[in-house]
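The values are calculated or read from the model by the stated rules, or taken from the named source; none is laboratory data. Values in this document were obtained by computation on a predicted structure and should not be read as measured data. In this analysis, Cβ positions are derived from the backbone assuming ideal geometry, glycine residues included, and neighbour counts consider all displayed protein chains. Side chains included, ligands, DNA and RNA excluded: accessible areas come from the protein's heavy atoms. Shrake-Rupley method; radii C 1.70, N 1.55, O 1.52, S 1.80 Å.
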Amino acid sequence: MGSQVGGEALVRARVLIRPKEGILDPQGQAVERALPALGFQGVSHVHVGRMVELDVEDASQLDQMCEQLLSNPLIEDYEIVESA
Amino acid sequence: MKFGVIRFPGSCDEVDALLACERFGDAELLWHGDRELKGADVVVVPGGFSYGDYLRAGAIARFSPVMEAVSEFAAGGGLVFGICNGFQVLCEAGLLPGALLPNEELRFICRQMDVVVENADTPFTRTCARGERLSIPMKHMSGRYYAPGEQLDAMEANGQVVLRYAPGGPHNGSARDIAGVTNEAGNVMGLMPHPEHAVDPLTGSTDGGKLFESLAREAAAVAA
């Protein structure tokens, strides 16, 4: 969790950002309509968001980064996925 | 009175905004790195693609030095007017309620259309009449105004919904057809259409000038 001198303790994180439930997601809808046109059946609830990948020294700051910049909490949900 | 028009890297309507302001008062460009507003009585945050619209429209611009000055200015009751990308910046900065999402049809909408003045008792619309239709161009990709339902109710009750798209136009999917809103105190406004492109008879409509004229009069009255 804590940072170390020399940057040895970097945490690789992925932040997944998606439209909040209930907010119209026209990109997701467009993809959902396109898939059956290619013969892929049985696809539903498609949502298009974005992913931010970053190395951080202090992973405890990730939530604040998401709240203040990486996502807009009014319209988007975020999920932090950490890897070593 | 004096308008200050902000230029961010990626702004593209700041010169038109400056020229529109100069019809009604003095005007000067402010650079995004400026930490003070050069004595402006009204700050205009213009349209364009500040910082390339990276991440989300307006998300990066809100952290520029000049926006700190604008936030202080607004907190003290200063008049701030955000157009298109400027509206997005002010929402991201928390100076206006709500957010602007990609248009419902995922198309860039670029055309002249009418907006209806819902509240003519604001510093931005006093030269208009309630219910008046203004012909102003719109040109944007992310103009779908969103705020939670209960917040919209409160805004409507407080007179914060200043402009609505007239029925029959192209639809960007905005909640309740909202085209322009103010903050609760009424000194900060944002709108998606571009009044700065509708100030000269040469381009077909001078209706947009009314908003700049309202601001100039308001600022002059405050100074008097």
> Which value, in square angstrom to the nearest 100, describes the accessible area buried between chains B and A on both sides, using a 1.4 angstrom probe?
Replying inline: 1300
> When the Cα centres of region A:26-50 and region B:167-224 are compared, how far apart do they sit, in Å?
Replying inline: 38
> Gaussian network model of chain B, Cα springs within a sub-10 Å range: biggest mean-square fluctuation belongs to which of B:Gln151, B:Gln112, B:Gln160?
Replying inline: B:Gln151
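Please compute the Kirkwood hydrodynamic radius of chain B from all pairs of different C-alpha atoms, in Å with one decimal. Don't skip to the end; give the middle numbers.
Numbers: mean 1/r = 0.0594 Å⁻¹.
Hydrodynamic radius (Kirkwood, Cα only) of chain B equals 16.8 Å.
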>> Please report the accessible area of B:Asp26 (heavy atoms, 1.4 Å probe, ligands and nucleic acids excluded) in Å², nearest 10.
In response: 100
> Do any residues of region B:85-133 lose at least 50 Å² of accessible area when the full set of protein chains is present rather than just their chain alone, and if so which, with a 1.4 Å probe?
Replying inline: B:Leu106
> Which residues of region A:15-59 end up with at least 40 Å² less accessible area in the presence of all protein chains than when their chain stands alone, using a 1.4 Å probe?
Replying inline: A:Ile23, A:Leu24, A:Pro26, A:Arg50
>> What whole-number distance in Å separates the alpha-carbon centres of region B:52-118 and region A:56-77?
In response: 21
>> Once you place label points 7 Å from the Cα toward the Cβ at A:Arg50 and A:Asp63, how far apart are they in nm?
In response: 2.4
> Which whole number gives the average, over all residues in B:181-188, of C-beta atoms from other chains lying within 10 Å of the residue C-beta?
Replying inline: 0
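Sequence gap at least 6, Cα distance under 8 Å: using those rules, report the relative contact order of chain B to the nearest whole percent.
Values: 525 pairs, mean separation 46.6, N = 224.
The value is 21 percent.
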>> If the only charges are +1 at each Lys and Arg Cβ and -1 at each Asp and Glu Cβ, what is the size of the charge dipole of region B:125-164 around the Cα centre, to the nearest 20 debye?
In response: 300
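Per DSSP helix of 4 or more residues, -39500 (n - 2.57); summed, then divided by the residues of chain B. What does that give at 222 nm, rounded to the nearest 500? Don't skip to the answer; put the middle values down first.
Details: 5 runs with 52 residues, N = 224.
That comes out to -7000 deg cm²/dmol.
By DSSP, what percent of the beta bridges with both residues in the protein assembly as shown are antiparallel, rounded to the nearest 5?
Working: 37 of 54 bridges.
That works out to approximately 70 percent antiparallel.
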>> For B:Cys12, B:Cys21, give me the order by solvent-accessible area with a 1.4 Å probe, most accessible first, ignoring ligands, DNA and RNA.
In response: B:Cys12, B:Cys21
> From the residues A:Leu54, A:Gln41, A:Val31, which one has its Cα farthest along the dipole of region A:11-83 in the positive direction, the dipole being from +1 and -1 charges on Cβ of Lys/Arg and Asp/Glu about the Cα centre?
Replying inline: A:Gln41
> Using a probe of 1.4 angstrom, how much of the accessible area of chain B is carbon and sulfur, in percent?
Replying inline: 51
>> What figure, in Å² to the nearest 10, do you get for the accessible area of A:Lys20 with a 1.4 Å probe and non-protein molecules left out?
In response: 60
> Can you give the accessible area of A:Val56 in Å² (nearest 10), computed on protein heavy atoms with a 1.4 Å probe?
Replying inline: 10
> In Å², what does the accessible area per residue of region B:2-223 work out to with a 1.4 Å probe?
Replying inline: 38
> By how many degrees, 0 to 90 and rounded to 10, does the Cα axis of helix A:26-37 deviate from the longest principal axis of chain A?
Replying inline: 50
>> Just to confirm a number: summing +1 for Lys and Arg and -1 for Asp and Glu over residues other than B:Leu96 whose beta-carbon lies under 12 angstrom from that of B:Leu96, what do you get?
In response: -1
> How do B:Leu152, A:Leu16 stack up against each other in accessible area, from largest to smallest, with a 1.4 angstrom probe?
Replying inline: A:Leu16, B:Leu152
> What Kirkwood hydrodynamic radius, in Å, does chain A give when the mean of 1/r is taken over all pairs of distinct Cα atoms and then inverted?
Replying inline: 14.7
